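What follows is a set of notes on a single structure, which appears directly below.
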Amino acid sequence: MNDFLTRNPVFRFYKWLFLKGRDWFVSLTEKGDKGPLIIKVCMIVLFFSMASVFMSTWEDYRDAGSSGLSVEGEPTAELPPVAPIIWRALSVLLALIGVVASLLIRPEKSNRSQQRFIIIALWMAALAGLSSWLPPDVIETQRALTGKALAGETPSIFAYFGQLVLVSSLIISVPLAAWLYFRLSLMDRYVVQSFLSPFLFCLFSFTAIWVIADMNDNAKYLAQMQDGQAFQYYIVQIPFVVLFVMPIVMLLAGLFSLTTLSKSNELISMIGAGRSVTRILMPLFIIGLYSSMICLAFKFHWAPTSVGTSDAIMESAKASFWAKRRGTEVAPVLYSKRGWMHVNEPDQRTWFVGAVPLKLSDPMSDVVVAKLNDKGQPEVVWIAKRAKWVWNSSPPQWQLFTVTVYTYDDERIPLMTRHAQLTIDDWSETPWKVLSSAQNPEYLGMPGLTMYLNANSDMNDDRLAPFRTNRWNIFSEPFTCFVMILVAAPLGVVYSRRGGMAGVTGAIIIFALMYLMRTTFIALGQGSNMNPFVAAWLTNVIIGAIGVFLLAFRARNREFPKLKTVIMAPFKKKPVVPASR
């Protein structure tokens, strides 16, 4: 039997592949340089992700084509465009080229050759991400501008253009950052490496702690999720979690790395080589700005919407949990709010929506629509179990399911009729018009906030204050990362033989102060008790000024003034100098 397996060419190929892969893995890790292995794994994951997105797009197009045909085979609705399929197929090809380039990163090659293939692999990954996201998103927005949006919304060109620039810049910045890193001086690269190790450790640790705590709180509801919904629940929260933990991660990583450099006298050696403290810390300041750009791209749209999506998923899981105990079923649609009323005064129609879907293009549940006469009395009332807006029909129409219609005559006596499905094509409302005012400002990014403020500009300032404050907070909150580096840099640099506990203590106090001020100011802004711009930016200005003040002392090799001295300085009496004769 062993001889047969040894002579079998298939067995010999798999044996050769296994031994080759084992030797390859050992050669990558035995020198302690796991960077090439990480890049290979990331490129393979990216390739399968792009392939999954392409297959999902192709299946959606195929399903739309089959559902849009009548019995005779004639199209009854407009098909989605083919361009997204082509662009996402191109992204799969680019990701495959990136995988091939990453496989050419071999330890036995020179550093310059490895760096070249790393840059090529990262550029292929960036181009794959852009081709998979950018053209289909632009096409979808163009359709929305021409009145073919899924929910009938009209996007803000300024906010959408800002989102395109931010996300595209973030994607392209990955290979550019690698190219810049390879061209840093040896001393700058050493400072960056000293910072990245604690940074990645803190980021992973805080994220893991958050996930474990959340799983412990919601274990019984997570068990009710099916079809990978539990995995989706945590994946969609990645932008929010990164944005939430990034400031404290930047603070602790900066403190740890600079304290370590100070204790080993490496910082003194760098200063002795002729570099100033500010020049030594410059790579960390650049990392702080880069982290702020990443958080800004997340906060601009992804992080707020991820909070709404995760909350809706958990609410759906809780509803499934209790429905299972009662022996009933719930709809698979994710809802963001229960109970909402919309009044269409020009057309004299009043809407009541029992369950507002998270995606406005999804069907509404428990809908009541009343058509009123000039006296404010109902003429026709539609009570439907579900209501869906069909955007791609001509003209767009509403479909009501399991609907009961009450028609009132001149004597106010209703005539009741029941329909399994009813189509209405003369209503001017769209899901965006009916449900936009029900949006939670915490769940909206810059595009959603801008559309809301433009559509509801006639509301009073008190109702718009939360949305205006959150709009400015989208720009101010990400720059907390840079402010934390400004604070960590002077507190982490220690010249004397004293330990770094004083700096750690001061950093914790400043972080707690920052958190308290931000929470208070944002609440004041949302309550219309403070200007929205001031409420969003005042915390960064105060903490940043403290960081610059401390850095000025540390750059001149001076000890920080004690808090008591700073407070009592204006009240301290100056010595009287006698006049000279």
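Think of region 205-332 as having a plus end and a minus end, set by charges on the Cβ of Lys, Arg, Asp and Glu; of Ser292, Gln224, Ser276, Ser276 sits farthest toward the positive end of this dipole. Listed from fewest to most Cβ neighbours within 10 Å, the set Met250, Met451 follows the order Met451, Met250. As a proxy for reagent exposure, Ser394, Ser316, Ser132 were ordered by neighbouring Cβ count within 10 angstrom, fewest first; the result is Ser394, Ser316, Ser132. Multiplying the sequence separation of Leu180 and Ile119 by 0.36 nm and subtracting their Cα-Cα distance, what value in nm do you get? Result: 20.9 nm gained on full extension.
With the simple spin-label model, which puts each label point 7 Å out from Cα in the Cβ direction, the Asn454 to Val548 separation comes to 3.5 nm.
When each of the peptides 418-424, 383-389 is scored by the mean number of other C-beta atoms lying within 10 Å of its residues, the order from highest to lowest reads 383-389, 418-424. For region 268-278, backbone phi angles converted through the Karplus equation (6.51, -1.76, 1.60; θ = phi - 60°) give residue-by-residue couplings of 4, 5, 5, 5, x, 6, x, 9, 7, 4, 5 Hz, Gly and Pro being listed as x.
Length available on full extension from Asp462 to Trp210: 0.36 nm per residue minus the Cα-Cα distance, which gives 87.3 nm.
Backbone geometry of region 119-130 corresponds, through the Karplus equation with coefficients 6.51, -1.76 and 1.60 at θ = phi - 60°, to 3J(HN,Hα) couplings of 5, 4, 4, 5, 5, 5, 5, 5, 5, 5, x, 5 Hz, x marking Gly and Pro.
Once you've got the Cα coordinates, tell me which of Lys359/Lys385; Lys263/Lys299; Lys385/Lys433; Lys324/Lys385; Lys318/Lys388; Lys40/Lys109 are over 26 Å apart.
Lys263/Lys299
Taking the Cα centre of region 183-312 as origin and assigning +1 to Lys and Arg Cβ atoms and -1 to Asp and Glu Cβ atoms, the resulting dipole is close to 560 debye.
Extending 7 Å from the Cα toward the beta-carbon at both Asp426 and Leu289 defines two label points whose distance is 6.2 nm. In this Cβ point-charge picture (+1 for Lys and Arg, -1 for Asp and Glu), region 423-555 has a dipole of about 1060 debye about its Cα centre.
Put a plus charge on the Cβ of each Lys and Arg, a minus charge on the Cβ of each Asp and Glu, and nothing anywhere else: the dipole of region 335-435 about its Cα centre is then about 560 debye. Net length available on complete extension from Ile38 to Phe352 is 107.8 nm, with 0.36 nm assigned per residue and the Cα-Cα distance removed. Given labels modelled 7 Å from the Cα in the Cβ direction, how far is it in nm from Ile139 to Ile157? The modelled label-to-label distance comes out at 2.2 nm. Projecting the Cα atoms of His419, Gln348, Ala370 onto the dipole axis of region 287-425, where Lys and Arg carry +1 and Asp and Glu carry -1 at the beta carbon, places His419 farthest toward the positive end.
Here r is the Cβ-Cβ distance between Val165 and Asn531 and R0 is 30 Å; the resulting FRET efficiency, rounded to 0.05, is 0.65. Summarising the amide proton neighbourhood of Ala355: residues at separation of 5 or more, or on other chains, whose placed amide H is nearer than 5 Å comprise Gly339, Ser365.
Any read-out appearing in this document is the output of simple, stated calculations on the displayed coordinates, not a laboratory observation. Nothing here was measured: the structure is a model prediction, and the numbers come from that model. In this analysis, Cβ positions are derived from the backbone assuming ideal geometry, glycine residues included, and neighbour counts consider all displayed protein chains.
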